[in-house]
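Taken together, the values in this text are just the output of simple stated rules run on the coordinates, not laboratory data. This one's a predicted model, so the numbers in the text were calculated from it and none came from an experiment. Glycine also receives a Cβ, built like all others from the backbone with ideal geometry; neighbour counts cover every protein chain displayed.
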Amino acid sequence: MSKPAKPKKDILWSRGYLLLSVSNFFAWLSYNMVTPVLTGYMETLGATLTVCGIVGGLFAFTSLLSRPVSGVLADRLNRKWLAGGFTVIMTLSLLIYGVVPSVPMIMIFRGLHGIAFGISSTAGLVLVTESAAESRMGEAISYYSVMSVASMAIGPGLGIGVSDLFGHQACMLTGTVLLALASGAILAFPYQRPEAEAGRPEAEAGKLEAGRPEAQTSRQKAETGRQRGISRLVDVSLMDLSCMNASFTMLNGIVSTFLVTYAAQKSIEGVSIHFTLNAVLLIALRILLAKQMNTWPLRKSLFPAFITGILTLAVIGTANSLALLLVAACFKAVAQGLGQPVLQTEAMRSVPPARRGIASSTMYIGGDLGQAVGPMIGGAVADVTGYGNMFLLCILPLAIAFIAFLFSRRNRGQS
């Protein structure tokens with residue numbers, strides 16, 4: 001039986017939290033190194049562009065599929081071994097598809113890489129909430145997310161540089177080494193599993209069931225069974241937050257996928273500065289506002305986040321110069337910097353500790369879905385309307401999410 005968890009002091013930068021942050025950085029750095037060069041590597045193996053496109057989306061798709069299961073596992077199993085074990089699986093998967101020059105092997109193990117990432121990252125976020133004091137959870141999540149943003153600023157250039165100098169497989173092996181370091185950091189995490197069995201969802205459901213009248217109709221029992229079945233995989237009470245998270249990741253996916261092509265169409269040079277500026281500002285903003293995330297209500301963050309997100313797409317959709325794209329980078333940094341950390345913090349605080357695995361996976365489902373679906377919808381719209389109008393039309397999901405928040409109970413402080 002697990003020992004009771006000791007009360008956490010009001011500290012943040014503990015050894016455990018630092019190890020989690022380091023692991024998160026190396027895992028994302030590996031991903032951001034390998035992803036930009038994977039298509040080129042597959043083309044050298046004779047893969048068609050269609051197959052390259054499938055593999056490009058395979059990681060996000062399999063990661064998304066693993067999310068509901070990952071939440072259940074994170075609530076029921078030892079989270080350290082869950083996160084560490086699946087980070088080791090990520091390492092082995094990348095090693096195999098990095099050194100075996102076979103398109104089918106790349107597809108199989110890239111898919112496994114995505115599944116392992118989905119489970120490892122879900123458990124990792126729960127570990128972050130456990131390693132920090134409750135009063136500093138917003139700060140902990142905000143700083144933790146800085147690691148992935150920093151990797152986005154460094155990873156693509158590093159991956160392309162290594163690939164150009166030493167070849168695609170050298171880049172894959174470098175990414176494998178980084179994942180091995182991420183695995184080591186997680187496995188060195190000093191974890192004592194909280195005694196959460198008494199607060200598990202099954203126990204809570206049993207208590208509620210015990211207080212129900214005996215004379216339930218079969219229809220009521222069926223309804224209850226369906227709700228309990230769904231609640232084992234996702235937290236329905238957090239679906240509004242997950243959908244709002246999806247609107248912000250959709251924004252990111254659309255801009256990341258189509259901005260370079262759009263700028264080339266308009267003969268705008270130096271567009272890479274947009275991504276660098278966005279990453280630098282996003283890191284700075286999350287560091288500067290991390291402490292405020294501990295106490296800020298949702299509306300204080302989400303109002304400016306939604307407005308600047310909408311402005312990002314409006315400016316890009318009408319841009320005819322690099323200067324305007326740099327303005328859009330600033331708006332996008334504010335939208336991402338204020339939106340996603342506060343949504344994750346609210347989700348983790350809204351549930352008891354025994355449900356935080358489900359809460360983590362529910363939020364990641366929205367994030368993965370927005371990141372995957374955004375480019376698909378954007379590409380289909382751009383085929384019909386052109387890139388500029390596509391960016392403007394993609395304001396609609398953000399606007400709908402904003403309006404829904406305006407009329408939600410969470411905006412009225414009833415969350």
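Sequence gap at least 6, Cα distance under 8 Å: using those rules, report the relative contact order of the chain to the nearest whole percent.
Rounded, it is 26 percent for the chain.
Using only alpha carbons, build the gyration tensor for region 225-323 and give me the equivalent ellipsoid semi-axes, biggest first, whole Å.
Values: eigenvalues 215, 73, 28 Å².
Whole-Å semi-axes of the equivalent ellipsoid: 33, 19, 12.
Using alpha carbons only, how many angstrom separate the centre of region 339-374 from the centre of region 56-85?
13
Within the chain, how many lysine pairs that are 8 or more places apart, or on different chains, have C-alpha atoms less than 23 Å apart?
So the count works out to 11.
Can you tell me the length gained on complete extension of the stretch Ala399 to Thr276, counting 0.36 nm per residue apart and subtracting the Cα distance?
Numbers: separation 123, 0.36 × 123 = 44.28 nm, distance 2.65 nm.
So the extension gain works out to 41.6 nm.
About the Cα centre of the chain, how large is the charge dipole given +1 on each Lys and Arg Cβ and -1 on each Asp and Glu Cβ? Please answer in debye to the nearest 20. Mind showing how you got there, number by number?
Details: 32 positive and 20 negative charges, 249 e Å.
Charge dipole, the chain, about its Cα centre: 1200 debye, nearest 20.
Let me know the shape class of region 274-373, please: from the alpha-carbon gyration tensor, a ≥ b ≥ c as square roots of the eigenvalues, rounded when a/c is under 1.5, otherwise prolate if a/b is greater than b/c, or oblate. Don't skip to the end; give the middle numbers.
Values: a/c = 2.47, a/b = 1.81, b/c = 1.36.
Because a/c hits 1.5 or more and a/b exceeds b/c, region 274-373 counts as prolate.
For Ala380 and Leu165, what is the calculated FRET efficiency with R₀ set at 35 Å and r taken between the beta-carbons, to the nearest 0.05?
On the way: r = 38 Å, r/R0 = 1.08.
Efficiency computed from Cβ-Cβ geometry: 0.40.
Enumerate the whole-percent occupancy of each 5 Å bin, from 0 to the last occupied one, for all C-alpha pair distances of region 268-310.
Taking every Cα pair in region 268-310, the percentages come to 5, 18, 18, 25, 16, 9, 5, 3, 1.
Evaluate E = 1/(1 + (r/R0)^6) for Ala188 and Met239, where r is the Cβ-Cβ distance and R0 equals 41 Å; express this FRET efficiency to the nearest 0.05. Mind dumping the intermediate values first?
Numbers: r = 36 Å, r/R0 = 0.87.
After rounding to 0.05, the efficiency reads 0.70.
Place a label point 7 angstrom from the Cα of Leu18 along the Cα-to-Cβ direction, then list the residues of region 171-186 whose backbone nitrogen is under 15 Å away.
185-186
Using the alpha-carbon atoms, what tilt in degrees (0 to 90, nearest 10) does helix 322-349 show relative to the longest principal axis of the chain?
Approximately 20 degrees, to the nearest 10.
What order do you get for 153-161, 169-177 when each peptide is scored by the mean count of other beta carbon atoms within 10 Å, highest first?
On the way: 153-161: 17.4, 169-177: 20.4.
Ranked from most to least packed, the peptides come out as 169-177, 153-161.
What number, in percent, do you get for the relative contact order of region 311-413 if the mean sequence gap of Cα pairs under 8 Å and at least 6 apart is divided by its residue count?
32
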